[in-house]
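K.L.:
Structure in C-alpha cells, see below.
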Amino acid sequence: MANNHGDFIWYELMTSDAAGARDFYARVIGWDIDTSSDAPMDYRMISASDGPVAGLLPLTAEMQSGGARPCWMGYIAVSDVDACAAAIKDAGGSIHMEPWDIEGVGRAAFVADPQGVMFYIMKPTPPADDPDAQSTSFAAEAPIVGHCAWNELSTTDPKAAKAFYSAQFGWVQDGDMDMGPLGKYEFLWDGAKRFMLGAVMPKMPEMPVPFWTYYFRVPDIDAACTAISAHGGTVLQEPIEIPGGDYSLVATDPQGAAFGLVGART
C-alpha cells in the first residue's frame, strides 16, 4: 500500500563537502552515494544495498552565506502540501520555502514547527507503472540495514510539540520512559498505531537548538562507532542499550551534521 499522510518517506543530507560525506558514510554505514548528478542543484542519491534511501544536497557558497549548515532533514508525506503548509503556519509554525513542484518527484515545502524545528512536507508523485509505490526509507515495520530506524525530536516544549504533530499528521503519543531530571522520553506512533515512528524528548541544555535526529541501522554498532572516529566524525553519545536489545549512538559527521545509528552488538 502507498504511504499515508504523516509517514516519514525520505531523508536528506545537506553538506558542505559531498565527496567527504560520500567517503565517510560509505565506511560508517555502507552507503553508496552518487559522485555526481544531472538533477537540479547536483542532488545525489544515497543508496543502501536494496536501493535509494536518502538524498544528498551539496551546499553552495551562497547557501552557506545565507545561513545553511550541514544537517540531516526528514520528509513527511502529506495528502495536500499547500493545505498542510497553511495549517502549519496557522498553528504557529513557519514556512521557509513555499510549496513547489519537483518534476517527476512530487510537490514539497520546507517548514518548521512552532519551536523552530525544520523538516519537509511532500506529496510524492508515484511512478506511472506503480501507483501504490511505498517508500521504505524509514523501515517502519521491520529492521533493514542502511534504512532509518528511528526519528527522535528534541524540543523546548514537548507538550506543545505533541499537540502540533498530532494535529498536523495524526500522530499518537503512547508510552514513555522516565529519564529522571532530564524529563520523559515519550514514544510516538503513526495515526493508525501500526508502528512506532520515534519519540519526543526535552532538549538537553548542551544542545544548541531543538531538532530532529534520524537514526540509521547498521549491522554492528561497535564497528560503526570505531569507523566514525577513524574517519573524522565525532561520537557524541557512545553506544547504549535500548529496549529490544539493540544499541544506539549519536554522532556528527566530519562536516558537522548530527545523526544517530542503531544496531546490534556482535
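The values are calculated or read from the model by the stated rules, or taken from the named source; none is laboratory data. Note that this is a predicted model, so its numbers are computed, not measured. Here the Cβ positions follow ideal geometry from the backbone for every residue, glycine too, while neighbour counts run over all protein chains shown. Keep in mind that these areas ignore ligands, DNA and RNA; they rest on the heavy atoms of the full protein, side chains included. Shrake-Rupley method; radii C 1.70, N 1.55, O 1.52, S 1.80 Å.
K.L.:
Sort through VAL200, VAL209, VAL218, VAL235 and tell me the only one that's of a type in the set (Val, Ile, Thr), more than 24 Å from TRP31 (Cα to Cα) and modelled with pLDDT of 95 or more.
P.N.:
Details: VAL209 fails: modelled with pLDDT of 95 or more; VAL218 fails: more than 24 Å from TRP31 (Cα to Cα); VAL235 fails: more than 24 Å from TRP31 (Cα to Cα).
Criteria check complete, one pass: VAL200.
K.L.:
Has segment 85-93 got at least one residue that is within 20 Å of the chain's Cα centre (by Cα) and open to solvent by 60 Å² or more (accessible area, probe 1.4 Å)?
P.N.:
no
K.L.:
Still on this model: Are any residues in segment 177-189 among the charged types (D, E, K, R) and at pLDDT below 95, and if so, which ones?
P.N.:
Restricting attention to segment 177-189, the residues satisfying the condition of being among the charged types (D, E, K, R) are 178, 184, 186.
Matches in segment 177-189: ASP178 only.
K.L.:
Could you give every pair whose Cβ atoms fall below 8 Å, whose first residue belongs to segment 99-114 and is at pLDDT 95 or above, and whose second residue is assigned to a loop (DSSP other than H, G, I, E, B) and open to solvent by less than 20 Å² (accessible area, probe 1.4 Å), counting only separations of at least 6 or pairs across chains?
P.N.:
From residues that are at pLDDT 95 or above, the pairs are VAL111/GLY93; ALA112/GLY93; ASP113/GLY93; PRO114/GLY93.
K.L.:
Just checking, how many residues over segment 243-262 are part of a loop (DSSP other than H, G, I, E, B), out of contact with any Cys (no Cβ under 7 Å at 6 or more places or on another chain) and at pLDDT 95 or above?
P.N.:
Filtering segment 243-262 for residues part of a loop (DSSP other than H, G, I, E, B) gives 243-246, 253-257.
Still in the list and also out of contact with any Cys (no Cβ under 7 Å at 6 or more places or on another chain): 243-246, 253-256.
Filter once more, so that each one left must be at pLDDT 95 or above: 246, 253-256.
So the answer is 5.
K.L.:
While we're looking at this one, here's another question. Name the residue that is surrounded by the most Cβ atoms within 10 Å (Cβ to Cβ), counting only residues in segment 6-57 that are acidic (Asp, Glu) and part of a loop (DSSP other than H, G, I, E, B).
P.N.:
Taking segment 6-57 first, the residues acidic (Asp, Glu) are 7, 12, 17, 23, 32, 34, 38, 42, 50.
Applying the additional criterion that residues be part of a loop (DSSP other than H, G, I, E, B) yields 7, 17, 34, 38, 50.
Working: ASP7: 22, ASP17: 15, ASP34: 18, ASP38: 7, ASP50: 11.
Across segment 6-57, the extreme among qualifying residues is ASP7.
K.L.:
Output the qualifying pairs, or none if there are none: Cβ atoms under 8 angstrom, residues six or more apart or on different chains, first residue in segment 125-154 and closer than 17 Å to GLY244 by Cα and touching a residue at least 12 places away in the same chain (Cβ under 8 Å), second residue open to solvent by less than 50 Å² (accessible area, probe 1.4 Å) and assigned to a loop (DSSP other than H, G, I, E, B).
P.N.:
Listed pairs, sorted by first residue: ALA139/HIS147; ALA140/ASP7; ALA140/ASP190; ALA140/PHE195; GLU141/PHE195; CYS148/SER137; CYS148/ALA139; ALA149/ALA139.
K.L.:
Going by the structure shown, is GLU62 free of Cβ contacts under 8 Å to residues at least 40 places away in the same chain, in a helix (DSSP H, G or I) and either farther than 30 Å from VAL172 by Cα or of a type outside the set (Phe, Trp, Tyr) (or both)? Break it down stepwise before answering.
P.N.:
Details: free of Cβ contacts under 8 Å to residues at least 40 places away in the same chain: yes; in a helix (DSSP H, G or I): yes; either farther than 30 Å from VAL172 by Cα or of a type outside the set (Phe, Trp, Tyr) (or both): yes.
So GLU62 passes the test.
K.L.:
Would a scan of segment 51-72 turn up a residue that is among the aromatic types (Phe, Trp, Tyr), in contact with a strand residue (DSSP E or B) (Cβ under 8 Å, 6 or more places away or on another chain), over 26 Å from ASP130 (Cβ atoms) and modelled with pLDDT of 95 or more? I'd like the intermediate steps shown before the answer.
P.N.:
First, the residues of segment 51-72 that are among the aromatic types (Phe, Trp, Tyr): 72.
Subsequent filtering for residues that are in contact with a strand residue (DSSP E or B) (Cβ under 8 Å, 6 or more places away or on another chain) retains 72.
Adding the requirement that they be over 26 Å from ASP130 (Cβ atoms) leaves 72.
Restricting the remaining residues to those that are modelled with pLDDT of 95 or more gives 72.
Yes, there is a match, as at least one residue in segment 51-72 is among the aromatic types (Phe, Trp, Tyr), in contact with a strand residue (DSSP E or B) (Cβ under 8 Å, 6 or more places away or on another chain), over 26 Å from ASP130 (Cβ atoms) and modelled with pLDDT of 95 or more.
K.L.:
Hey, TYR165 hits all of (1) part of a loop (DSSP other than H, G, I, E, B); (2) at negative phi but one; which does it fall short on?
P.N.:
It fails just one condition, (1).
K.L.:
Related question: Among residues belonging to segment 136-191 that are open to solvent by 50 Å² or more (accessible area, probe 1.4 Å) and acidic (Asp, Glu), point out the one that is nearest to LYS203 (Cα to Cα).
P.N.:
That would be ASP157.
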